[in-house]
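Visitor: Sharing a structure below in structure tokens format, with a few things to ask.
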Amino acid sequence: MIPPFETFYEAHRDEVFRFLGRRLGRERAEDAFQETFLRALRAYPRLEHGDHLRAWVFTIASRIVVDEARRRRPQAALPELAAEDGLPAFEDLAPLTDELPPKERAAVVLRYGYDLDYAEIGAALGSTEQAARQAASAGVRRLRKERP
Amino acid sequence: MTISPALDARFRDAAAAAELLDVAFDVIDDTPIGPLLVGVTDRGVCRISFDSDPEHHLELLARQFGPRVLRSRRPVDRMRRELDEYFAGQRQRFDVEPDVRFLPAYHQRVLEELARVEYGATTTYGTLAAQTGNPRAARAVGTVMHRNPIPVVLPCHRVVGASGSLTGYAGGLERKELLLRLEGAIL
């Protein structure tokens, strides 16, 4: 059962805005905030269950941050920032992590795909910084084992 | 850091403007019968409640109309204006359509008949029962009135007992009496 959007929005709007504020600065965070929840609203009726909604909305917000960074800092114009822009996008990373257990997969994608720190990932997954760190490193160990 | 009321309102307006909501609701605080929770869909008004705590309505609205239920002021403006006019004695008929698509067929039939009862008039449970096919179903009509999801607009306050006594009202008899006085149906 998916909760009413009002409930979901009230539960996560402040932490999503804090996250966007840290990544983009307050002013740009306002547009990104609206875009995040409009995207969530568009996708909402297609959700099949109400689990991991927090991780889900953080994934949307992270995607917007990455898009925004790409838009504002094209690699050609600012080559020195290429490394930062060169983070693998979710689509690139997702197929590599298909085999991982869901929590490890989410932690790996958010850490290496979106460059969230462990406190943010812990918040996104509804657990702790410590648990997020463990899930990400377990995921990476498993990937190394599976793909030598 | 919490989001500002302005940013919050901006998102809620944008969500409605993009036509992404199954139900938009708001609370109208200052009516003569107390605060009212009002819910609207793209088809019209789907909920009016004397219990103005949204928490008590969100789950049911989401189950009936879809999960995209969000508080948003602008979509409710038209209903708010019509209610203001009604309470000021300047409107006798609502133009916003009632959206009763998820009610059982019998409820829809009774409410349709109820909607024909004019401002300032009253009818009885038995009369409504007879008009909807079963003169002995006064009690069933009473149940439909009690569960009316859109009171005031669907005027269940205009239904009284055969003796003329006010009988009952989901919002309490005081409200029923106030509405009937406003309409001049009782002195």
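Visitor: Taking segment B:42-83, which residues are farther than 18 Å from B:Asp13 by Cα, within 14 Å of chain A (Cβ to nearest Cβ) and of a type in the set (Val, Ile, Thr)?
Guide: none
Visitor: To continue, here is another question. Among the residues of segment B:1-44, write down those that are among the aliphatic types (A, V, I, L, M), under 30 Å from B:Gly89 (Cβ atoms) and surrounded by fewer than 16 Cβ atoms within 10 Å (Cβ to Cβ).
Guide: Residue satisfying the conditions is B:Val27 alone.
Visitor: Of the conditions (1) more than 27 Å from B:Leu187 (Cα to Cα); (2) assigned to a loop (DSSP other than H, G, I, E, B), B:Arg91 clears all except one; give me its number.
Guide: (1)
Visitor: Would you check which residues across segment B:33-56 are in a strand (DSSP E or B) and within 24 Å of A:Phe37 (Cβ to Cβ) and list them?
Guide: Answer for segment B:33-56, where residues must be in a strand (DSSP E or B) and within 24 Å of A:Phe37 (Cβ to Cβ): B:Leu37, B:Val38, B:Gly39, B:Val40, B:Thr41, B:Cys46, B:Arg47.
Visitor: For segment B:161-171, check the following and say yes or no: at least one residue is surrounded by 14 or more Cβ atoms within 10 Å (Cβ to Cβ), in contact (Cβ under 8 Å) with a residue 60 or more places away in the chain, in contact with a helix residue (DSSP H, G or I) (Cβ under 8 Å, 6 or more places away or on another chain) and aliphatic (A, V, I, L, M).
Guide: Yes, the conditions are met somewhere in segment B:161-171.
Visitor: Out of the residues in segment A:47-59 that are closer than 17 Å to A:Asp117 by Cα and more than 14 Å from chain B (Cβ to nearest Cβ), which is nearest to the chain's Cα centre (by Cα)?
Guide: Ranking the candidates gives A:Thr59 first.
Visitor: Let me ask something else about it. Take the residues in segment B:13-32 that are part of a loop (DSSP other than H, G, I, E, B) and within 12 Å of chain A (Cβ to nearest Cβ), then tell me which one is nearest to B:Gly171 (Cα to Cα).
Guide: So, considering only residues that are part of a loop (DSSP other than H, G, I, E, B) and within 12 Å of chain A (Cβ to nearest Cβ), the one nearest to B:Gly171 (Cα to Cα) is B:Asp22.
Visitor: How do the helices (runs of 4 or more DSSP H) wholly within segment B:103-187 filter down when requiring 1 or more residues that are under 16 Å from the mean Cα position of the chain (by Cα) and β-branched (Val, Ile, Thr): which remain?
Guide: Qualifying helices (runs of 4 or more DSSP H): B:105-114, B:138-146.
Visitor: Test B:Ala9 against the criterion of being free of Cβ contacts under 8 Å to residues at least 12 places away in the same chain and farther than 17 Å from B:Glu82 by Cα, and give yes or no.
Guide: no
Visitor: May I pose another question? Please tell me if A:Leu24 is buried (at least 19 other Cβ atoms within 10 Å of the Cβ), closer than 23 Å to A:Gly122 by Cα and at pLDDT below 95.
Guide: In short, yes.
Visitor: Considering only residues that are of a type in the set (Ser, Thr, Tyr) and over 25 Å from B:Gln92 (Cβ atoms), which ones fall in segment B:121-143?
Guide: Across segment B:121-143, the qualifying residue is only B:Thr143.
The values are calculated or read from the model by the stated rules, or taken from the named source; none is laboratory data. This one's a predicted model, so the numbers in the text were calculated from it and none came from an experiment. Cβ: placed from backbone, ideal geometry, glycine included. Neighbour counts: every protein chain shown.
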